[in-house]
1. From the list THR74, THR6, THR48, which one is of a type in the set (Ser, Thr, Tyr) and touching a residue at least 12 places away in the same chain (Cβ under 8 Å)?
2. Which ranges mark the helices (runs of 4 or more DSSP H) fully within the chain that have 2 or more residues being surrounded by 14 or more Cβ atoms within 10 Å (Cβ to Cβ) and touching a strand residue (DSSP E or B) at 6+ places or on another chain (Cβ under 8 Å)?
3. I want to confirm something. Restricting to the range 21-74 and keeping residues that are at pLDDT below 95 and among the basic types (Lys, Arg), which single residue is nearest to MET1 (Cα to Cα)?
Amino acid sequence: MIDVSTPKARHRFYGRSAWQTVRKQVLKRDNYECVWCRQKGRVTTAKTAKLEVDHIKELEYYPELALEPSNLRT
């Protein structure tokens, strides 16, 4: 299992290639748009903002979902 038990461990996790790979997949899946903005009828893309990929269920409490695309959103 991935160690995300401390802030330092979580910081290391976000620097790993496995995270970078899944992050790119999620950005592509979400058409490089903020899904919250899209639901509100707004368009926010990488051209207008810095897009982040976040965990729906928090990484700290659900480490088993750390790399699960269904638990990630742009």
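1. On the way: THR6 fails: touching a residue at least 12 places away in the same chain (Cβ under 8 Å); THR48 fails: touching a residue at least 12 places away in the same chain (Cβ under 8 Å).
Only one candidate qualifies: THR74.
2. Details: elements: 7-15, 17-29, 35-39.
By residue number, 17-29.
3. By that ranking, first place goes to LYS50.
The values are calculated or read from the model by the stated rules, or taken from the named source; none is laboratory data. Treat the numbers as computed from the prediction; the structure is a model and nothing was measured. Cβ atoms come from the backbone with ideal geometry, glycine included; neighbour counts cover every protein chain shown.
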